[in-house]
Amino acid sequence: MVKGSQKIVAVDQEIPIVDMSQERSRVSMKIVKACETLGFFKVVNHGVDQTTISRMEQESINFFAKPVHEKKSVRPVNQPFRYGFRDIGLNGDSGEVEYLLFHTIDPAFSSQLSLSSAVNCYIEAVKQLAREILDLMAEGLGVPPHTLSRLISSVDSDSVLRVNHYPPSDQLFGGATLSDKSASLTKVGFGEHTDPQILTVLRSNGVGGLQVSNSDGMWVPVSPDPSAFCVNVGDLLQVMTNGRFISVRHRALTFGKESRLSTAYFAGPPLQAKIGPLPAMVTSVSQPRLYQTFTWGEYKKLAYSLRLEESRLDMFRTCKD
């Protein structure tokens with residue numbers, strides 16, 4: 001259950017919505033503003049084919065509807081990307097969720113050809129959208145073209161696709177019931193965290209549950225919109241913009257009545273890529289350098305050694321309070 005000591009949820013706060021079909025400079029400015037104020041926004045008229053989206057969603061629904069022993073038997077080509085339930089990461093974090101993880105370099109499941117084909121098509125589509133959004137960010141920040149998008153365009157980029165399924169509270173999975181069968185109680189599906197990568201492109205079905213933390217520390221519900229993609233800033237993008245963009249804290253709650261399906265593309269650079277504040281984001285007086293330079297591999301290792309809610313970026317600040 002959601003503990004009473006957690007922050008009060010903000011009500012009726014608007015989530016920025018960016019129409020990708022508008023004039024390019026206007027779109028760029030809206031994206032930059034959203035990243036500076038909340039670190040999160042929705043995009044509509046995004047150009048991703050609805051057939052690709054529907055196929056991915058249906059194949060995911062079909063997979064999660066399978067018996068537990070069949071889901072457990074599926075083994076991806078690249079470990080540790082796999083099917084899992086409840087346990088999130090390696091450090092004791094858990095939630096009311098089951099999931100599939102795919103590495104985008106080679107996401108294929110040897111025994112799930114229809115799912116594999118849908119995943120491959122979906123990854124290509126959202127990767128293209130992520131690159132376009134990063135290029136629009138670069139324009140709005142006044143940095144050289146493709147400064148950001150090139151990091152996820154290389155063949156060895158370390159990007160991941162994660163499909164989360166939050167079942168109704170009385171449903172069995174993993175051989176056990178969820179922690180509380182009462183459909184009237186709200187539970188944590190995926191605990192409070194930031195995403196360590198550069199950018200996340202996320203969509204869900206028509207069931208709510210996603211919340212983001214605003215600058216006042218209040219939780220803002222994100223209304224479900226299957227026609228839109230949600231985009232959130234990750235830790236690496238906060239570093240590259242020298243703190244100008246916000247790596248937004250977010251969580252997913254379950255309300256016990258309907259299944260929620262969400263699909264997240266985590267855009268990551270190659271493991272050896274060096275990450276640090278971009279020169280244009282640093283000035284000696286008004287905006288000094290806030291973060292050290294490190295590789296994504298170094299940061300990823302640290303990120304996965306900590307609990308979800310722990311702040312990782314503080315460990316790479318140039319000056320600590």
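Some points to look at:
- Label-to-label distance for E192 and K33 is 2.9 nm, based on points extended 7 Å past Cα in the beta-carbon direction.
- Residue by residue, segment 291-305 carries 3J(HN,Hα) couplings of 10, 6, 9, 8, 8, 4, x, 5, 5, 4, 4, 5, 4, 7, 9 Hz when phi is fed to the Karplus relation 6.51 cos²θ - 1.76 cosθ + 1.60 (θ = phi - 60°); x denotes Gly or Pro.
- Size of electric dipole in segment 238-321: Cβ of Lys, Arg +1 and of Asp, Glu -1, about Cα centre, debye, nearest 20: 60
- For the peptides 269-277, 133-141, the ranking by mean Cβ contacts within 10 Å, running from highest to lowest, is 133-141, 269-277.
- 3J(HN,Hα) along segment 156-162, derived from phi through the Karplus expression 6.51 cos²θ - 1.76 cosθ + 1.60 where θ = phi - 60°, amounts to 9, 4, 9, 9, 9, 10, 10 Hz, with x in place of Gly and Pro.
- Order by protection proxy (mean Cβ within 10 Å, highest first), peptides 282-289, 218-225, 117-124: 117-124, 218-225, 282-289
- Close amide H pairs (under 5 Å, H built 1.01 Å from N) link R249 with S213, residues at least 5 positions away or on another chain.
- Cα gyration tensor shape for segment 113-166, rounded if a/c is under 1.5, else prolate or oblate: prolate
- Rounded to whole Hz, the Karplus (6.51, -1.76, 1.60) HN-Hα couplings of segment 41-52, x for glycine and proline: 7, 9, 10, 10, 6, 8, x, 7, 4, 5, 4, 4
- Around the amide H of Y291, modelled in the peptide plane, lie the amide H atoms of T318, all under 5 Å away and 5 or more residues distant in sequence or on another chain.
- Options Y304, G268, A252, ranked by Cα towards positive dipole end of segment 215-320, top entry (Cβ charges): Y304
- Gyration tensor (alpha-carbon) shape descriptor, segment 237-321, a/c threshold 1.5: prolate
All of the numbers you see were taken from the coordinates with simple rules; none came from a lab. These figures come from a predicted structure and were not determined experimentally. Reconstructed Cβ throughout: ideal geometry from the backbone, glycine too, with neighbour counts over all protein chains shown.
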